[in-house]
Amino acid sequence: MKLDTKKLCVLAMLSALAFLLAAFVRVPVIPAPALRYDPKDVIIVIAGFIYGPMAAFIVTVVVSFMQMITVSATGYIGFLMNVIASTAFCCTAALIYKKNRTVKGALLGLIVGIIFATAIMMLWNYIITPIFLRIPREAVVPLLLPTFLPFNLVSNTLNAALAMLLYKQVKTILQKTRLMPISEDTGKKDGFNKGIIIASLFVILTCVLWVLILRGVI
């Protein structure tokens, strides 16, 4: 990915926005320690859709590092887990969308990203959680399906829906402010329409209901 002044400016702004979301929007999805949903991956995947998977990775590392030195209490372990989780979801989605810049390409990328990130985090939670919580690995196994699986699945699905809902709006703002020329992105091929907005809102509502169910509210 070739970086120029405008791209660096956009990536810096998106990194700042993602960090603010990570710092101030932290929602407990299930009653488990250190598991909090934050929507930073929404911004990271949008950065990836605009500039490609390398941009998503750069923003991921920057935001994860900023979290580690400011609001995170999990140190380098939290940094590592954040980088793995966001890279697995955002870079996968951005890579597929880069090959097929259409609504179908975006949907396919996000769906594959959800599945891949959820599977990857199941493995890494099995590896890292015993070290972080200082408990036997055997004690983590019973938590994988009832705790880590729904957390990662709901979080990634919600991020995907929000990204689909906001991507066109973010891109339009950047184009209107001349930070991203229209020719730099294939606007006609995107085809993000009212159907996508309605579907995204439905998915978001479904995820919210699942969070309430997992929290025991309903």
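Please identify the helices of the chain, taking whole runs of DSSP H, that span at least 15 Å along their own axis as judged from the Cα atoms and have a mean Kyte-Doolittle score of 1.0 or higher.
Those that pass (Cα extent of 15 Å or more, hydropathy at least 1.0) are 5-24, 40-51, 53-69, 75-86, 103-133, 194-214.
Which net charge results for the neighbourhood of ALA18, defined as the other residues with beta-carbon distances under 10 angstrom from its beta-carbon, given Lys and Arg at +1 and Asp and Glu at -1?
Charge balance in the 10 Å sphere: -1.
Could you work out [θ]222 nm for the chain from helices alone, using -39500 (n - 2.57) per DSSP H run of at least four and dividing by all its residues? Round to the nearest 500 deg cm²/dmol.
-24500 deg cm²/dmol
Over the stretch 5-214, what is the relative contact order in percent, taking alpha-carbon pairs closer than 8 angstrom and at least six residues apart?
Contact order relative to length: 20 percent.
What ranking, highest mean first, results for peptides 7-18, 83-94 when packing means the other Cβ atoms within 10 Å averaged over each residue?
83-94, 7-18
Of PRO181, LEU20, VAL112, which is farthest on the positive side of the dipole of the chain, counting Cα position, with +1 on Lys and Arg Cβ, -1 on Asp and Glu Cβ, and the Cα centre as origin?
PRO181
Any idea which of THR206, GLY216, THR129 is furthest toward the positive side of the dipole for the chain, if Lys and Arg beta-carbons carry +1 and Asp and Glu beta-carbons -1?
THR206
Once amide H atoms are placed 1.01 Å from N in the peptide plane, what residues at a sequence separation of 5 or more from VAL29, or on another chain, have their amide H within under 5 Å of its amide H?
Placed amide hydrogens put TYR37 under 5 Å from VAL29.
Using the charge dipole of the chain (Lys, Arg: +1 at Cβ; Asp, Glu: -1 at Cβ; taken about the Cα centre), state which of ILE44, GLN67, THR87 has its Cα farthest towards the positive end.
ILE44
We did not get these values from a lab; they are worked out from the coordinates using the rules stated. Bear in mind the structure is a predicted one, so any value in this text is a computation, not a measurement. Backbone-built Cβ (ideal geometry, glycine too); neighbour counts: all protein chains shown.
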